[in-house]
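> Handing you a structure now.
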Amino acid sequence: LYGGRSSELAGLPLNDVFEKDAIPFFKVDYNDLRGLKNVQSVRKLPIHPELIRLGFIDYVAAVRSAGHRQLFPELHSPRS
């Protein structure tokens with residue numbers, strides 16, 4: 001298990017992705033597009049080395065340069 005619920009990861013804003021830190025990580029926190037199960041759900045999740053090897057950091061850079069706010073902009077739904 002990775003430690004992230006699919007709804008948490010699908011709703012990550014780009015400003016909660018810290019790919020340039022010594023250990024890249026996601027910050028799972030409340031945001032304006034989705035909530036969390038409870039306060040204990042706020043946490044940092046390291047980005048798995050395999051994701052980095054597969055080009056995840058390049059993907060993040062591409063999504064940022066395209067002007068999106070969300071890590072996965074195609075997964076946003078007004079009702080989600």
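> Mind listing whichever residues of the range 30-48 are touching a Pro at 6+ places or on another chain (Cβ under 9 Å), open to solvent by 50 Å² or more (accessible area, probe 1.4 Å) and at pLDDT 80 or above?
P46
> For the range 54-76, which residues satisfy the criterion of being over 24 Å from I23 (Cβ atoms), open to solvent by less than 70 Å² (accessible area, probe 1.4 Å) and outside any loop (DSSP other than H, G, I, E, B)?
The answer is P73, and nothing else.
> Which numbered condition in (1) modelled with pLDDT under 90; (2) open to solvent by less than 70 Å² (accessible area, probe 1.4 Å) is the only one that S80 fails?
(2) is the only condition that S80 fails.
> Which ones in the range 1-17 are within 9 Å of the chain's Cα centre (by Cα) and either assigned to a strand (DSSP E or B) or at pLDDT below 65 (or both)?
Listed by number, the residues that qualify are P13, V17.
The values are calculated or read from the model by the stated rules, or taken from the named source; none is laboratory data. Note that the structure is a prediction, hence the values are computed from the model and not measured. A quick note on method: Cβ atoms are made from the backbone with ideal geometry, for glycine too, and the neighbour counts reach across all protein chains shown. The accessibility values were calculated without ligands, DNA or RNA, using every heavy atom of the protein model including side chains. Shrake-Rupley method; radii C 1.70, N 1.55, O 1.52, S 1.80 Å.
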